[in-house]
Amino acid sequence: MAVVPMQRVTVLALRKDRKGILEALQRTGAVDVLDLPVSGDLFEKASMPESRASFKRSVAAAEQALNILNDYCDKDTNLFSSFAGRKPLSVNEYEIFIDERAEMMQSAYRILSMDKRISEIRSEIVKKQGEQAALRPWLSLPVSTDFSGTASTACFIGSAQGEIPLYEIAAQVEEKSGEKGTGVDISVISSSKAQTCIFAVFLKKDEKLYTSVFAELAFSPLSIRTSVPPGELILQYDKDIQNLEEEIAKISKEIRTYAGVRNAMRFMIDYYTMRDEKYEVIGKLLQSPHAFVLTGYLPSGGEEVLRHALRNYEAYLQFDAPDEEEDTPVLLKNNRFAEPVESVVESYALPAKGEIDPTSATACFYYFLFGLMLSDAGYGALMVLACGGALLKFKNMERSMKKSLKMFLYCGISTTFWGLMFGSFFGDVIQVVSRTFFGHEVALKPIWFEPVKDPMRMLMFAFAVGIVHIFTGLALKLYSAVKHQDYGTALYDVGFWYLLLVGLLILLCQSSLFADISGMTITFPALVSTLAAAMSAIGAVGILFTGGRESKNPVKRLLKGAYALYGVTSYLSDVLSYSRLLALGLATGIIATVVNQMGSMMGGGIAGAIIFIIIFVVGHSINFSINLLGAYVHTNRLQFAEFFGKFYEGGGRKFNPFGIHTKYYRIREDQ
């Protein structure tokens, strides 16, 4: 386990070589560039926001165009594309793409324009369909909706909520108009539970009267105004909608003709992403009219790589050890066994300055605990085959994906091991299949024991694993303190706790409470018991008087020490947390057994075999998925809470080099 030492590198070069030098540095991906402050009048910093904003717009346009093409065209990727990694691109191919970038972006904007037009047409169709829906109740209206009457007559076109019979409308109108009215002709255009639509004609001199009467009866005038009858307008809308849909089909067909430019869009995304990152670095440089200065962090041992990359330029390179107070970035370096777990450590926090890298210790316990929680040889074999097969098949896989698959490969090996130790292979599928379909039961005997039949033994084992895990965390804290020659912390925060916890553990193991819970009786010689009691007493007194040593007030120091001593209860709760090893292991085995029993309920024969296979595949897929997720989550939880909490703080800044961080293409320098 190691954190790669960093050194500070300064590059001083002519401004005319800036483009070439930055591109060379970007290809090496070895320098984490610092944003230098301006001091004095000799140097200044370039303002890059406008250029970077332009690049981001180009990236966004290319991404949108690519998404549109993926929506309209057949997929050119599959489920396994994420494993294949970025497509290699030679320098010649790269330069060809660059020469054609203007044409590519024109294609992107043309695709966006066509998609925008389709969106506009669809909005127009929705609008016309809405107007059609509003006019449909007036389909049988014989006049246009803006018809106001003749020379001697006026009309009212309106609707009221609910279904109202014609005779009821006529009676109410007659009642309210009384002797003032000279008569009205009312026609019900349509009637439903939602509304009743009417067309009424009366003499022009009675217009105010009947308009007022219909208003009193809650009839609202029709707000839609048309120059032709609603029936004719609805037919016209149908033709308009058909024409718009034909236009959509025509534009969609044209969009599909651009299917071949999807790789070009991917290149545009990568190209302008690289340019954006390059201009971000330019904004960090100190520049004069003729020179520029770049400063950053370089992993130790990378000097020759940098000198070789800049060999064709007149550049002055200076390598310095960083000062103690500098916030140097963190880069982890571990062996092949531990490297896959670096992402787990990073998801919690990278080591702070001076802290040890916990990846190796984390990896050992991570694989161990994951396998113990899943603990089924069948599920473990599936993980090994899937992850191992993907690693063998996809040689160009991205490093992050490869690390994740390796982590689950090792977890699968551990799962297979514990499955064999506990006699679980897809639950008890071997026993069930042999008994149901062959009439002779064959059992997979556990190498150790079956947790389902002996859960207390499994619980005690889980607690023992937890104690070892927690004590390892304290040991790492001791190692770190000794490494930094902080012997006080080593004694006060680790030594006294070891004395207290080990002494209490020995006393607990020979107590009647432990015997009642575990069913095991452990007896130590009297000398061991006396020694354990003395260790506990020394540890407790040491913690009491040193737990609050940072306080100058003796009373506060003693009270803080008492509070620190009370922390022994947290160790008890930490150990109890490892009971989840029992819970998740039992859950996997019991659910798998239930699935097998359900599958065998139809008995033997062809029909029974078909039903068994269906239930087996579906049931075990669900059980595997759920418990795989549970094992992942709870393994992380035991690492983060119980293990890291004993020695690890984190807070380091990730090493983020200036490089080619592309999404789709990887440039082959050897070409």
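The values are calculated or read from the model by the stated rules, or taken from the named source; none is laboratory data. Everything numeric in this text was worked out from a predicted model, so none of it was measured. Methodologically, a virtual Cβ is constructed for each residue, glycine included, from the backbone with ideal geometry; neighbour enumeration extends over all protein chains shown.
Here are a few things to note about the model shown:
- Residue within the stretch 363-373 that is small (Gly, Ala, Ser), touching a residue at least 12 places away in the same chain (Cβ under 8 Å) and surrounded by fewer than 21 Cβ atoms within 10 Å (Cβ to Cβ) present: no
- When we screen Ser400, Ser360, Ser343, Ser375 for residues that are touching a Pro at 6+ places or on another chain (Cβ under 9 Å) and of a type in the set (S, T, N, Q), the only hit is Ser375.
- Checked against (1) assigned to a strand (DSSP E or B); (2) exposed (fewer than 15 other Cβ atoms within 10 Å of the Cβ), Ser223 passes all but condition (1).
- Only one of the numbered conditions (1) of a type outside the set (Val, Ile, Thr); (2) more than 28 Å from Asn396 (Cβ to Cβ); (3) surrounded by 15 or more Cβ atoms within 10 Å (Cβ to Cβ) is violated by Gly85, and that is (2).
- Segments classed as helices (runs of 4 or more DSSP H), wholly inside the stretch 561-639, with at least 3 members that are more than 21 Å from Ala377 (Cα to Cα) and touching a residue at least 24 places away in the same chain (Cβ under 8 Å): 568-577, 605-637
- Residue in the stretch 149-161 that is outside any loop (DSSP other than H, G, I, E, B), of a type in the set (Val, Ile, Thr) and crowded, with 17+ Cβ neighbours inside 10 Å present: yes
- Condition check for Asn656: of a type in the set (S, T, N, Q) and assigned to a helix (DSSP H, G or I): no
- Residue within the stretch 426-435 that is within 38 Å of the chain's Cα centre (by Cα), assigned to a loop (DSSP other than H, G, I, E, B) and crowded, with 18+ Cβ neighbours inside 10 Å present: yes
- For Tyr167, the conditions (1) within 58 Å of the chain's Cα centre (by Cα); (2) loosely packed, with under 12 Cβ neighbours inside 10 Å; (3) among the hydroxyl-bearing types (Ser, Thr, Tyr) all hold with the exception of (1).
- The condition of being more than 27 Å from Gly183 (Cα to Cα) and in contact (Cβ under 8 Å) with a residue 60 or more places away in the chain holds for only one of Ile224, Ile241, that being Ile241.
- Unique match (being over 18 Å from Gln287 (Cα atoms) and at pLDDT below 95) among Gly40, Gly20, Gly29: Gly29
Residue-by-condition table, conditions (1) in a helix (DSSP H, G or I); (2) touching a Pro at 6+ places or on another chain (Cβ under 8 Å); (3) surrounded by 13 or more Cβ atoms within 10 Å (Cβ to Cβ):
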site: Leu474; (1), (2), (3): yes, no, yes
site: Leu491; (1), (2), (3): yes, no, yes
site: Thr523; (1), (2), (3): no, no, no
site: Glu550; (1), (2), (3): no, no, no
site: Lys556; (1), (2), (3): yes, no, no
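Yes/no per residue for (1) among the hydrophobic types (A, V, I, L, M, F, W, C); (2) assigned by TED's automatic domain parsing to the domain that holds Tyr366:
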site: Tyr410; (1), (2): no, yes
site: Val433; (1), (2): yes, yes
site: Thr436; (1), (2): no, yes
site: Gly488; (1), (2): no, no
site: Gly495; (1), (2): no, no
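- Spans of helices (runs of 4 or more DSSP H) in the stretch 1-116 with at least 2 residues within 26 Å of the chain's Cα centre (by Cα): 49-72, 81-84
Results for (1) in a helix (DSSP H, G or I); (2) surrounded by 16 or more Cβ atoms within 10 Å (Cβ to Cβ), shown as yes or no for each residue.
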| site | (1), (2) |
| --- | --- |
| Glu232 | yes, no |
| Gln236 | yes, no |
| Thr273 | yes, yes |
| Phe292 | no, yes |
| Tyr297 | no, yes |
| Leu306 | yes, yes |
| Tyr313 | no, no |
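- Residue match in the stretch 2-18 (condition: touching a residue at least 12 places away in the same chain (Cβ under 8 Å), among the acidic types (Asp, Glu) and more than 27 Å from Pro299 (Cβ to Cβ)): no
- Looking only at the stretch 115-129, and only at residues there that are of a type in the set (D, E, K, R) and over 12 Å from Ser252 (Cα atoms), the one that is surrounded by the most Cβ atoms within 10 Å (Cβ to Cβ): Lys128
- Residue match in the stretch 404-420 (condition: of a type outside the set (Phe, Trp, Tyr), in a helix (DSSP H, G or I), under 22 Å from the mean Cα position of the chain (by Cα) and surrounded by fewer than 19 Cβ atoms within 10 Å (Cβ to Cβ)): yes
- Residue that is nearest to Arg27 (Cα to Cα), among those in the stretch 52-111 that are without any contact (Cβ under 8 Å) to a residue 40 or more places away in the chain and of a type in the set (S, T, N, Q): Ser54
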